[in-house]
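We did not get these values from a lab; they are worked out from the coordinates using the rules stated. Computed from a predicted model, the values in this text were never measured in an experiment. For neighbour counting, all protein chains shown are included, and Cβ atoms are generated from backbone atoms with ideal geometry for every residue, glycine included.
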Amino acid sequence: MKINRVALLLLLLFPLSGWSQPFLQGKISDPRFTEGRISEPKTQHESLNALFTYASAFFSDMIYGRTFVYYPTHNDRKIKSRFEWSAQIEPENPKKISVFDIERDEIFMTAWFRYDMMPNEKKRVENRNPEQLTSAAASASLFENDSPLPMLDVYFKVCEEAVKKAAKSTIQKRKPKEIHGRLILEKMPSVSIRSGSYTVQASFRIGFDRIEYFDYF
């Protein structure tokens, strides 16, 4: 029986529906500079350690996500918005996180990371609920952040912005007291440089489990 080579090629490029890859991968960048070290960038070892920390956090949020409680701003009650986030769930086998294609330039160290999921994690990704898809962005100055993990700081700002955006478009009633929900990272965040700052953009699946309102009686 002859095999149609064109059809075989298309099958390799576009697998049958229902097929899911047993791994996650994506590109991650880390700023090479922090405040006070503009003339002395981080070493490759420091940057790699940071990149592996980011990879673990992002793969975890793509598989397990996080739960949150969001307390919106309420000016009449002099309440400022704040969040409570659940702790990160570590990947089942962090030794399966691998790095390849490392690049360095004047601003960033960038690498591609891959994580080979365990069977339970693969099943979890395949069966996760199709929540509301929301994208958001946040920025930070290139040289005014002395955090050893500046990308995580900005990433959580992006998470908060995404939840606020989803809540604003979903909740049409009176101002809520607190919002309980969950957030799953759709894919690796992307980093770009804009006007002296680096901007982190990300997309999330966000769902709200419970909404509580103020008692006005």
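Quick notes on this structure:
- Amide H to amide H distances under 5 Å link residue 132 with 206, where only residues 5 or more positions off or on other chains count and H is placed in the peptide plane.
- Segment 112-191, relative contact order in percent, only Cα pairs under 8 angstrom and at least six apart counted: 29
- Size of segment 97-214 from its Cα atoms: along the principal axes, largest to smallest, the extents are 50, 41, 20 Å.
- For residue 96, a cut-off of 19 angstrom between C-alpha atoms picks up these lysines, skipping any fewer than 8 places away in its own chain: 27, 122, 123, 187.
- For the chain, the relative contact order is 26 percent, taking Cα pairs closer than 8 Å that sit 6 or more residues apart in sequence and dividing their mean separation by the residue count.
- Under the combined filter of DSSP loop state and at most 14 neighbouring Cβ atoms within 10 Å, segment 132-195 retains these trypsin sites (Lys or Arg not before Pro): 173, 174, 187.
- Scattering from segment 21-124 was approximated by placing one identical point on each alpha carbon and applying the Debye formula without solvent; log10 I(q)/I(0) at 0.12, 0.16, 0.20 1/Å stands at -0.57, -0.81, -0.97.
- Dividing the mean sequence gap of close Cα pairs (under 8 Å, 6+ apart) by how many residues segment 36-96 holds gives a relative contact order of 30 percent.
- Two-decimal ratio, segment 53-105, of alpha-carbon radius of gyration to 2.2 N^0.38 Å: 1.74
- Computed with the Debye formula from one identical point scatterer per Cα of the chain, without solvent, the log10 of I(q)/I(0) at q = 0.08, 0.09, 0.16, 0.18 Å⁻¹ comes to -0.36, -0.45, -1.13, -1.29.
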